[in-house]
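Since the structure comes first, as structure tokens, the remarks are kept for the end.
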Amino acid sequence: MRAIFIGLIMISCSISGCFGSDSILAEKTGIPGGHAMNCLTSDEFTSMTLHVLYEDGSEPSAIDLLKQRLVEVCDKPDGITIEQKQVDFENTGPWTADKVREQRWDLGDDAMDGNTLNWYFLFPNGKYDDDSVLGVAVDGSTVAIFLDSVADAEGFFGRPSAAEVERSVTVHEAGHLLGLVNLVYTSPYDHEDPSHRGHSKNEDSVMYWAIESTSVGNFIDGDLPTEFDDEDKGDLQGMADGSIEVYDQITN
Ligand SMILES: [Zn+2]
């Protein structure tokens, strides 16, 4: 089952570049969505820290929104904290999923620390090797967002603006860590886009497939979504209350 699942992810990677699955994922780091239940429920982790590692020139602007979206869906009675730190990543040339993982695990701690769940959001300078990709979720607790590419995604006359794209991409990648769409469960709703696996076909959802592409402005008219839609939320609710079976979860 696991082999089949990874195979599917690799296919989706070649289409969208979204999931950095260019190596077999270790048990320790898990797959995107592998810590979904650790976030959605407080059984194991009562608090959460969002670690933001950014390089000079790639300081993020949407972390408060990111926290707000996670507060809305995750059960963390002891709170969600932001820890933001400027770093220098060791990298030359375009980024790959393996390089993102390497830097995150070099600089960061285990995802599971006592009662605290640690998720990492990297904002490196430079671009992904497919430079149409704005963000990637590379394992159970790690995403990277490429603000140099986000700047390129700004539309004519600033519609959408780079800041708007950044807000959507940041929430979108967190959505993958929550397992959206169908990464670690099978939704009772028909909302996954069959042409873009792991993504929503609703352009009003932040999980819409085009959100993490530099051409996002060509696919969405009007404001970019920054929220999970009702079906995304229904999936998360069902996972949390046990009515939807969840697999590939990382446990202590
Ligand atoms: Zn995506």
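The values are calculated or read from the model by the stated rules, or taken from the named source; none is laboratory data. Every value quoted in this text rests on a predicted model; they were computed, and no experiment measured them. Positions of Cβ are backbone-derived with ideal geometry, glycine not excepted, and every protein chain shown enters the neighbour counts.
Remarks
- When we screen Ser23, Ser16 for residues that are over 23 Å from Asp232 (Cα atoms), at pLDDT below 95 and within 19 Å of the chain's Cα centre (by Cα), the only hit is Ser23.
- Restricting attention to region 61-95, the residues that are within 15 Å of the chain's Cα centre (by Cα), within 24 Å of Asp152 (Cα to Cα) and assigned to a loop (DSSP other than H, G, I, E, B) total 1.
- Taken together, Gly217, Gly222, Gly238 contain a single residue that is away from the ligand (no atom under 16 Å from the Cβ), closer than 13 Å to Ser168 by Cβ, small (Gly, Ala, Ser) and in contact (Cβ under 8 Å) with a residue 40 or more places away in the chain, which is Gly217.
- Tallying residues that are in contact (Cβ under 8 Å) with a residue 40 or more places away in the chain, surrounded by fewer than 18 Cβ atoms within 10 Å (Cβ to Cβ) and over 24 Å from Tyr128 (Cα atoms) within region 183-214 yields 3.
- Scan of region 158-177 for residues that are within 11 Å of the ligand (Cβ to nearest atom) and of a type outside the set (A, V, I, L, M), ordered by number: Ser168, His172, Glu173, Gly175, His176
- Close contacts from region 67-79, counting a first residue that is modelled with pLDDT of 95 or more and a second that is assigned to a helix (DSSP H, G or I) and hydrophobic (A, V, I, L, M, F, W, C), with Cβ to Cβ under 6 Å and a gap of 6+ residues or different chains, come to Arg69/Val171; Val73/Leu236; Cys74/Cys39; Cys74/Leu40.
- Subset of region 215-237 that is over 24 Å from Asp152 (Cβ atoms) and in contact with a strand residue (DSSP E or B) (Cβ under 8 Å, 6 or more places away or on another chain) - its residue that is surrounded by the most Cβ atoms within 10 Å (Cβ to Cβ): Asp235
- Taken together, the residues in region 100-121 that are touching a strand residue (DSSP E or B) at 6+ places or on another chain (Cβ under 9 Å) and under 25 Å from Asp131 (Cα atoms) amount to 9.
- Residue within region 182-200 that is of a type outside the set (Phe, Trp, Tyr), within 11 Å of the ligand (Cβ to nearest atom) and assigned to a helix (DSSP H, G or I) present: no
- Candidate set: region 212-252, residues that are under 22 Å from Met112 (Cα atoms) and of a type in the set (S, T, N, Q); chosen: the one nearest to the chain's Cα centre (by Cα): Gln249
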